[in-house]
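Chemist: Below: one structure in structure tokens.
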Amino acid sequence: MMRLKTPLLAAALVAGVASIGLTPALAQTAPPADAGAASGQARHHAGARMMPGQFVDGRVAFLKAQLKITPAQEGQWQKVEAAMRENAKALDQTVASMRQNRGDRNAVERLEMREQFIKVRSDNNSRFLAAFKPLYSSLSPEQQQMADQLIGAAQHRWRHRA
């Protein structure tokens, strides 16, 4: 297992994990610096098999509960849920593709993969936005305030701590 020699490199890797859509909780699955090599490697390999879509059910349930979606808002919510599930599927496919033969890629191929990943993230954002806008306009002021706290703002704050 490779140990990071500089805090700047560690911060860059954490920012990279955040940019691929993993939650801060997932990013924190990396072993602490003082962990034993064997247990650290086991956690590293377990985390390497994780896929972003594994947690979509929990994210959907959490967001719906926190927003307190009413029966009248259920139709709009279903579109948001479908967008979240489609986004998770697209992200999983991209991550799986990137994991294949990742050690055999040259610099140009890695940059092309990064560009592909950025496109998937952009497409996912557009899909979610198209579904979320109508729901947001149907939310009460209290629900909108909660949405403002949950959507995007938390990720933005977390990325700047690294």
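The values are calculated or read from the model by the stated rules, or taken from the named source; none is laboratory data. Computed from a predicted model, the values in this text were never measured in an experiment. In this analysis, Cβ positions are derived from the backbone assuming ideal geometry, glycine residues included, and neighbour counts consider all displayed protein chains.
Chemist: Mind listing just one residue for me: the one in segment 103-127 that is of a type outside the set (A, V, I, L, M), touching a helix residue (DSSP H, G or I) at 6+ places or on another chain (Cβ under 8 Å) and at pLDDT 90 or above and, of those, surrounded by the most Cβ atoms within 10 Å (Cβ to Cβ)?
Modeler: N124
Chemist: While we're on this one: Could you check I151 against (1) modelled with pLDDT of 95 or more; (2) under 16 Å from the mean Cα position of the chain (by Cα) and say which number it fails?
Modeler: For I151, the exception is condition (1).
Chemist: Name the pairs whose Cβ atoms lie under 8 Å apart, with the first residue in segment 111-137 and closer than 21 Å to L63 by Cβ, the second outside any helix (DSSP H, G or I), and 6 or more positions between them or separate chains?
Modeler: Sorted first by the residue in segment 111-137, then by its partner, the pairs are R121/I20; R121/G21; N124/G21; F132/I151.
Chemist: Given the conditions (1) modelled with pLDDT of 90 or more; (2) polar (S, T, N, Q); (3) surrounded by fewer than 17 Cβ atoms within 10 Å (Cβ to Cβ), and given that Q100 satisfies all but one, which numbered condition is not satisfied?
Modeler: Of the numbered conditions (1) modelled with pLDDT of 90 or more; (2) polar (S, T, N, Q); (3) surrounded by fewer than 17 Cβ atoms within 10 Å (Cβ to Cβ), the odd one out for Q100 is (1).
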